[in-house]
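**Q** Following this message is one structure expressed as structure tokens.
Only the coordinates and a few stated rules stand behind these numbers; no lab work does. All values reported here derive from a predicted model rather than from experimental measurement. Heads up, the Cβs are rebuilt from the backbone with ideal geometry, glycines too, and the neighbour counts pull from every protein chain shown.
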Amino acid sequence: MGRLDARAKIIGVVVFVTVAAMLTVTELIFAALALSVIFAAFSQVPARHLLKAYAGALPFILIASVSVFLFAGIDRGIGMWARTSACVIALLVLASATESLQLFAGLRRLGVPKIISTLLMLTYKYIVLMADELVRMKTARKARGFSGGRSLFDLRGLKIIGYTAGMVFVRASDRAEKGYEGLKMRGFNFDLKTWRQTRLAAADLAFIAWFAVVSGALITFQLGAFA
């Protein structure tokens, strides 16, 4: 996965996710989930990393699944879980097996408007900065003896947490400004299209073809079920 062109991975995975999201036949939904798991296994992305990322998305998946279960029955609820899980696993593999800046550059080369691809890249960069500053502030807060509020009504604890949140934004904003100045000094012109150019190789085309065949088979069976 790491050697493939970002465009090939984006096209293949997005086609599969789009088709998987449209499935309504239970057998086909679970087939899509099985294909996502197989894809994850062959991608060589560490299983622990994928499980951790999936666990982060699981509460949202369960909320949607339980909502469908309450209004449409257990079969539809399980189908929602399987369908959503198939899409999430495929997207997690895509995100985990592609360096972030390559992913954004791939989107730009696929024709995504400059403003959108640039905003995505900068948003990701600033989220990383904020997370780093949050870790630093939590370490500093812990070094000063603060281990958390005693309850939701602990005014002192809430006050310290509020100060921490404010300082995180202030420090992250300052680092973001310095980072932006560094990008401008390196010739950044708000466009990712000028980055390293590559051509789609045979492996990239094979990757797209595999997903196209699998997705085509799923949608064909889906349409045939209603024929």
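**Q** Any idea which of 115, 61, 74 is at negative phi and surrounded by 12 or more Cβ atoms within 10 Å (Cβ to Cβ)?
**A** Details: 115 fails: surrounded by 12 or more Cβ atoms within 10 Å (Cβ to Cβ); 74 fails: surrounded by 12 or more Cβ atoms within 10 Å (Cβ to Cβ).
61 is the lone residue from the list that is at negative phi and surrounded by 12 or more Cβ atoms within 10 Å (Cβ to Cβ).
**Q** Continuing with this model, one more query. Those residues that are outside any helix (DSSP H, G or I) and within 12 Å of residue 87 (Cα to Cα), I need them from the range 19-70; list them, please. Let's see the steps before the verdict.
**A** First, pick out the residues of the range 19-70 that are outside any helix (DSSP H, G or I): 23-25, 44-46.
Answer for the range 19-70, where residues must be outside any helix (DSSP H, G or I) and within 12 Å of residue 87 (Cα to Cα): just 23.
**Q** Any idea which of 91, 129 is surrounded by 14 or more Cβ atoms within 10 Å (Cβ to Cβ) and closer than 30 Å to residue 170 by Cα? Even if it seems obvious, please write down each step before you answer.
**A** Working: 91 fails: closer than 30 Å to residue 170 by Cα.
129 is the lone residue from the list that is surrounded by 14 or more Cβ atoms within 10 Å (Cβ to Cβ) and closer than 30 Å to residue 170 by Cα.
**Q** In the range 8-20, how many are surrounded by fewer than 22 Cβ atoms within 10 Å (Cβ to Cβ) and farther than 14 Å from residue 214 by Cα?
**A** The number of residues fulfilling the criteria is 2.
**Q** Among the numbered conditions (1) within 16 Å of the chain's Cα centre (by Cα); (2) free of Cβ contacts under 8 Å to residues at least 40 places away in the same chain, tell me where residue 113 comes up short.
**A** Only one criterion is unmet by residue 113, namely (1).
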